[in-house]
Amino acid sequence: MLWDIFPEQKIPGGAPANFAYHALQFGFESYVVSAVGKDLLGEEILKIFAEKGLGLLVESIDFPTGTVKVELNDKGIPNYEICENVAWDNIPFTERTKELALKCSAVCFGTLAQRNEASRKTIRRFLELVPKNALKIFDINLRQNFYSKEIIHESMLSSNILKINEEETIEVARLFELDKKSEQEICLHLLKEYNLNIVIETKGSVGSYVFTENETSYLDTPKVNAIDTVGAGDSFAGAFAGALLQGKSISEAHKLAVDVSSYICTRRGAMHSFL
């Protein structure tokens with residue numbers, strides 16, 4: 001739960017928070033589990049998220065609210081400078097967190113919030129408590145140097161859905177010595193090696209794949225007038241999960257996810273209603 005700071009404005013975000021917002025639009029009770037500082041930025045983001053209808057399991061603690069400086073290139077592709085030692089690095093595990101874990105139908109997490117031991121422990125405890133039939137979505141989100149082979153390995157063991165983009169596929173292949181394989185072979189290897197139900201690979205403006213044991217779905221990315229791609233992957237994951245929870249097929253969920261993420265690229269920031 002953080003602020004994306006653009007040169008001309010600041011926008012509330014954070015990958016799992018973006019996911020929660022888009023899953024919310026499918027009619028589900030949706031929560032952000034995070035932490036903010038006891039500061040004006042924390043108060044402001046809590047108010048905005050509440051107005052958007054998100055449930056909040058967010059503690060106010062003695063660290064500053066997280067911020068990320070975002071710069072866009074001429075194609076709208078973002079570069080991030082992520083501040084360290086902030087509130088979301090220190091998310092506490094509370095009794096309310098435990099209660100939510102025990103009843104949730106889907107959870108989304110990444111590598112970034114695991115860069116600090118405190119939040120990493122909270123995420124791992126949460127994942128251990130969720131029902132066995134829940135969707136456990138590891139949206140890998142490799143940022144700067146805030147990840148390791150060990151964290152990726154443990155996260156894939158704790159999930160049943162992996163979402164990864166083409167650049168991250170190449171980096172995971174390097175870390176796990178799979179770089180002699182094609183991208184599709186890498187995704188299928190991870191699917192089998194980690195006993196995953198689904199692997200999603202997004203390829204930006206080109207297209208996206210959804211791999212399962214029995215089927216492969218590929219869709220081209222629609223051509224749109226993209227303003228920025230911040231949160232596009234998060235909206236893809238949120239829409240895909242929301243559609244699956246509604247009982248839609250893999251191919252139906254894939255199509256919805258592509259349409260939603262393409263729409264988000266035509267707006268500044270990640271949290272826009274698509275209803």
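The table that follows gives values for the structure above.
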| read-out | value |
| --- | --- |
| Counting all C-alpha pairs of segment 110-166, share separated by more than 13 Å (%) | 58 |
| Evaluated at q = 0.25, 0.30 Å⁻¹: base-10 log I(q)/I(0), Debye formula over Cα of segment 92-143 | -0.99, -1.20 |
| Segment 123-155 versus segment 50-69: alpha-carbon centroid distance in Å | 20 |
| Total charge dipole magnitude, the chain, about the Cα centre, Cβ charges on Lys, Arg, Asp, Glu only, Debye to nearest 20 | 500 |
| The chain: relative contact order as a whole-number percent, Cα under 8 Å and 6+ apart | 17 |
| Rg/Rh ratio calculated on Cα atoms of the chain (Kirkwood radius) | 0.93 |
| Reachable aspartates and glutamates from Lys121, criterion Cα separation under 19 angstrom, eight or more residues apart if same chain | Glu59, Asp62, Glu84, Asp89, Glu95, Glu99, Asp139, Glu150, Glu154 |
| q = 0.15, 0.20 Å⁻¹: log10 I(q)/I(0) that the Debye formula gives for segment 1-141, counting C-alpha atoms only | -0.74, -1.31 |
| Net charge dipole size for segment 1-154 [Lys, Arg +1 and Asp, Glu -1 on Cβ; Debye, nearest 20] | 560 |
| GNM result for the chain, Cα springs below 10 Å: residue of Thr94, Thr221, Thr67 fluctuating most strongly | Thr94 |
| Segment 7-99 - percent relative contact order, Cα under 8 Å, separation 6 or more | 27 |
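Computed from the coordinates by the stated procedures, all read-outs in this text should not be read as laboratory data. Worth saying up front: this structure is predicted, and the values here are computed from it rather than measured. A quick note on method: Cβ atoms are made from the backbone with ideal geometry, for glycine too, and the neighbour counts reach across all protein chains shown.
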